1. Search the stretch 269-301 for residues being among the aliphatic types (A, V, I, L, M) and modelled with pLDDT under 90, and hand back the single one that is nearest to residue 255 (Cα to Cα).
2. All but one of (1) surrounded by 13 or more Cβ atoms within 10 Å (Cβ to Cβ); (2) of a type in the set (A, V, I, L, M, F, W, C); (3) in a helix (DSSP H, G or I) hold for residue 484, so report the exception by its number.
3. Taking into account only those residues within the stretch 117-160 that are touching a residue at least 24 places away in the same chain (Cβ under 8 Å) and loosely packed, with under 12 Cβ neighbours inside 10 Å, which is farthest from the chain's Cα centre (by Cα)?
4. I'd like to verify a number: residues in the stretch 394-446 that are in a loop (DSSP other than H, G, I, E, B), over 13 Å from residue 354 (Cα atoms) and within 31 Å of the chain's Cα centre (by Cα), how many?
5. Which condition does residue 43 not pass, out of (1) at pLDDT below 95; (2) under 30 Å from residue 153 (Cα atoms), if it passes all the others?
6. Applying the selection to the stretch 200-246, what residues are surrounded by 15 or more Cβ atoms within 10 Å (Cβ to Cβ), among the hydroxyl-bearing types (Ser, Thr, Tyr) and over 24 Å from residue 293 (Cβ atoms)?
7. Out of curiosity, is residue 154 out of contact with any Cys (no Cβ under 7 Å at 6 or more places or on another chain) and aliphatic (A, V, I, L, M)?
Amino acid sequence: MNRKKLESFFAALPEIRCLVIGDLMLDEYLWGKAERISPEAPVQIVDVTREELRLGGAGNVANNLSELGVQVSICSVIGDDENGDALLDIFDNKRIATDPIFRDPARRTSRKTRVVAAHQQIIRIDRESRADLSSDMERSVCAWIETNISKYNIVLLSDYLKGVLTSGVLSTTLNGARKAHIPVLVDPKGSDFIRYNGATILTPNKKEAEAASGITIHDADSLELAAANIMKQVGLEYLLITRSEEGMSFFSREAGSVHIPTVAREVFDVSGAGDTVIAALAAGMAAGADMLEAAELANVAAGIAVNKLGTSTVTPAELINAVAHAANDRNTKISSCDAIAVLIDAEKSRGKKIVFTNGCFDLLHAGHVKYLQKARLLGDLLVLGLNSDASVRRLKGEKRPLIGEDERAQILSALDCVDYVVIFEEDTPIKLISAVKPDILAKGGDYAPDAVVGKELVESYGGKLELVSFVDGKSTTNIIEKVLERYS
């Protein structure tokens, strides 16, 4: 998979609707320092310096999908308690639809507390429900799934054996998806994989695959036997077994097996890595990748996730950078018009302030650089819209540009003050501005405010125009005239 293909996948994701069904939990992290031993018992004392709540279980799957740009709904059952309120607040902040989350006063919302010091977990404390849903609650969940499943492009089942994915919920989901021709991906648990019969693909880890197949995996032959056993049991067309530092193994009923080597540079924490795998796999499938390409994308995503501490997400920018790095592609800042909206949306979700400017930037000079440096200081990220060669010719005449669009983009992307470069074909950048929706629209100080393209659009949603002064006497035209004067 190359960077351009990956960008095309991300461009398609905002139109994808995904339903995640499974066990929800609240992941609490207590970060601190452990520098003393308690006088009361031979245990470490952790001085807590920071507390954080994250989405766990099926919530982490939904969060990963949302971070990749997919429209996500989460279906589950939680308690009518403070932890349940906290979960819903986090989902709301992340724009994940919670209409299919049911609240059961008799049920406890699961909360897992991890105490972390010196980048290591000291202890984990679980407070959770493990009982199957009540009959009434199961009927409510199944009724919602039957009515709504056809609205989605892809369905994920995230099973943590906490009681939400009962036999009734599973059969309703799998039967409904089959009738609607919707693929179903399952992150399974336990040893009874037959309960997932009808799924498109399962993503067990090595230990889970051993338990389900009854075969100890110790070499390539035993891996093939275990996979064949699982696929026969469940009637699967595809299977993806994650194997930690050994990478992943993808199995297809028709095409056989492919072993994908790991891409992790360093492993800090495998918590939630399976959630990232199934989310990236689903995103790839939904965006039009073939199954092997989607598996390769999931492998790259897993390599990024385990490099982070705790349950975490992977962004489109991180995936693009990882794929580009693997292909020795240095132009990671150069994006397509279709992909930039997804990349910037992910940056905005982390609170980044986006600045946009545009121009031809033919024969880059000190005036250009100083202008871009000033523009970058207006926010956290600078997106530069670059006129294509055809656009420059229409604006400045047939003799321009002197430098081609690809070379201009490469030179601009080498500047620290520029975060993304996007080449646009139109005479004005209004389409690109609509896609990026910057907080700040920056333009040269020689423009009258009302003459700046995009001013009304940006101001309509609360953004603003900033005019940035140029360096006097510095221009491409002056350089051309000087060259002609000296060498003609």
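1. From the stretch 269-301, those among the aliphatic types (A, V, I, L, M) are 270, 273, 277-283, 285-287, 289, 291-292, 294-295, 297-298, 300-301; that's our starting set.
Subsequent filtering for residues that are modelled with pLDDT under 90 retains 270, 273.
Working: 270: 30, 273: 26 Å.
The selected residue is 273.
2. Every listed condition holds for residue 484 apart from (1).
3. So the residue we want is 131.
4. Here the count works out to 7.
5. In the conditions (1) at pLDDT below 95; (2) under 30 Å from residue 153 (Cα atoms), residue 43 misses (2) alone.
6. Listed by number, the list holds a single entry, 213.
7. Details: out of contact with any Cys (no Cβ under 7 Å at 6 or more places or on another chain): no; aliphatic (A, V, I, L, M): yes.
Spelling it out, it is not the case that residue 154 is out of contact with any Cys (no Cβ under 7 Å at 6 or more places or on another chain) and aliphatic (A, V, I, L, M).
Residue-wise test of (1) polar (S, T, N, Q); (2) over 21 Å from residue 308 (Cβ atoms).
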{"residue": "7", "(1), (2)": "no, yes"}
{"residue": "16", "(1), (2)": "no, yes"}
{"residue": "36", "(1), (2)": "no, yes"}
{"residue": "41", "(1), (2)": "no, yes"}
{"residue": "48", "(1), (2)": "no, no"}
{"residue": "55", "(1), (2)": "no, no"}
{"residue": "72", "(1), (2)": "no, no"}
{"residue": "76", "(1), (2)": "yes, yes"}
{"residue": "80", "(1), (2)": "no, yes"}
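The values are calculated or read from the model by the stated rules, or taken from the named source; none is laboratory data. As the structure is a computational prediction, the values presented were derived from the model and not from experiment. FYI the Cβ positions are ideal-geometry reconstructions off the backbone, even for glycines, and counts take in every protein chain you see.
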